[in-house]
Structure formats: C-alpha cells, structure tokens
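Step one of this worksheet: look at the structure below.
The values are calculated or read from the model by the stated rules, or taken from the named source; none is laboratory data. Computed from a prediction, not measured in an experiment: that's the story for all the values here. Note: ideal-geometry Cβ built from the backbone for every residue, glycine included; neighbour counts use all protein chains shown. Just so you know, the surface numbers come from the protein's heavy atoms only, side chains and all, with ligands and any DNA or RNA stripped out. Shrake-Rupley method; radii C 1.70, N 1.55, O 1.52, S 1.80 Å.
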Amino acid sequence: MNGYIRCLIHYYRGVTLEDLGKEDIHQARRYLLDSLGCMLSSREDCRRELEFIKAMSPVEECGIPGTDLRLSMPLAAFGGSVLASAQEMDDLTSVGASVHPGCCVIPAALAAAEKYKSTPRDLLRAILLGYDLVNRLGLMATERFRELGLYGPGLIAAPCAAVS
C-alpha cells in the first residue's frame, strides 16, 4: 500500500466530527437530504430493479429509504444507490472530479448506520469522509478514466461506499 493511502487511512480512523468544521457538518446534512430526495423521487420508477435486488438478498437487516424493503446491508446500499442515481439529479462535485458522491456514499452510510446502530453523528462523519475520498480519487483519476473511455463514477463508487 502506498504512503498516500496509508496517510488517508490514518486520517480517517482518527478524525472525529468535532475535528470538522460547522460548515462541513451543515454540508453533510445537505448532502443527506439531497440524496434522500433523489431516492424518494425514484421509488416508483425503480420497482422492477428493487425487486431484482431483493431476490438476491439472503437476509432482511437494513431498509431502503421510502420503501418497505429489508435487505442485507450491501444490497440495501446498492438499492439505495440505484434510487439515488435513477433520476440523474444526484449531486456532482465542484472540485473538477467527474464523480457523483451522494449516490454511492449516502446509501452505504445509511445502511451501515442502521446495521451497526450508529449515532447521527457517526452517520454525518461517515458521509463527510466518504465525500472526501470520492473527491480525492476523482481528482486523481478523472483524466485517466476519460483517456481510457471509462466511466469514472462507476469505478470510484465501490471503494468509497466501503469507506463510508
């Protein structure tokens, strides 16, 4: 593992919500509300996709916002991500990275928070750290992804969801 990744992991493990500014916390709440709005707006349009995802779930441990579905944590995160991006109203980044942080970070953070009974503060921290990583990876890789004809948000989403 290279030094940059080690440094990020050390930072993410040590940072608390108190270490982050009030504006950061305010933004995390806005990100959460924005993504929840996207998820809720897609519920009816994505019924078939959600039924497909539900069929893969071995357990019923986490919900998907706005639905009565209970799925395994990874599949609840995946289902939420489908809803968050379906209307193509999900957020972008303003730092020049070709990514959509909310559709991967928010559903994963919500599912993990539910499974592990996290506090709202833990949820906000997970959202902020997930957004940070999405933007960092996006900035490092966007131009290379474009050169290769790849879709950056799809490649970055999984590791950032895992971090969240």
Q: Work out the charge dipole of the chain with +1 on the Cβ of Lys and Arg and -1 on the Cβ of Asp and Glu about the Cα centre, then indicate which of ALA113, TYR12, ALA84 is farthest towards its positive end.
A: TYR12
Q: With runs of 4+ DSSP H residues as the only contributors, calculate the mean residue ellipticity of the chain at 222 nm using -39,500 (n - 2.57) per run, divided by the residue total and rounded to the nearest 500.
A: -23000 deg cm²/dmol
Q | the stretch 1-55 versus the stretch 126-160: alpha-carbon centroid distance in Å | A | 13 Å
Q: Provide the solvent-accessible area of MET56, counting protein heavy atoms only and rolling a 1.4 Å probe, rounded to the nearest 10 Å².
A: 90 Å²
Q.
Per residue, how much accessible surface does the stretch 46-151 expose to a 1.4 Å probe? Answer in Å², no decimals.
A. 53 Å²
Q) Size of the dipole of the stretch 56-126 about the Cα centre, Lys and Arg at +1 and Asp and Glu at -1 on the beta carbon, nothing else charged, in debye to 20? A) 280 debye
Q.
Once you order the gyration tensor axes a ≥ b ≥ c over the Cα atoms, which shape class does the stretch 1-119 get: rounded for a/c under 1.5, otherwise prolate or oblate by comparing a/b with b/c?
A. prolate
**Q.** Accessible surface ranking that places the most exposed of ARG43, ARG121 first, with a 1.4 angstrom probe
**A.** ARG121, ARG43
Q: Keeping all protein chains in position, work out how much accessible area GLU23 exposes to a 1.4 Å probe, and write it in Å² to the nearest 10.
A: 110 Å²
Q: Over the chain, calculate the relative contact order: mean separation of alpha carbon pairs under 8 Å at least 6 apart, over the residue count, as a percent.
A: 22 percent
**Q.** the stretch 1-103 - percent of accessible surface contributed by carbon and sulfur, probe 1.4 Å
**A.** 54 percent
Q. Which aspartates and glutamates have a Cα lying under 19 Å from the Cα of LYS115, excluding residues fewer than 8 positions away in the same chain?
A. GLU60, GLU61, ASP68
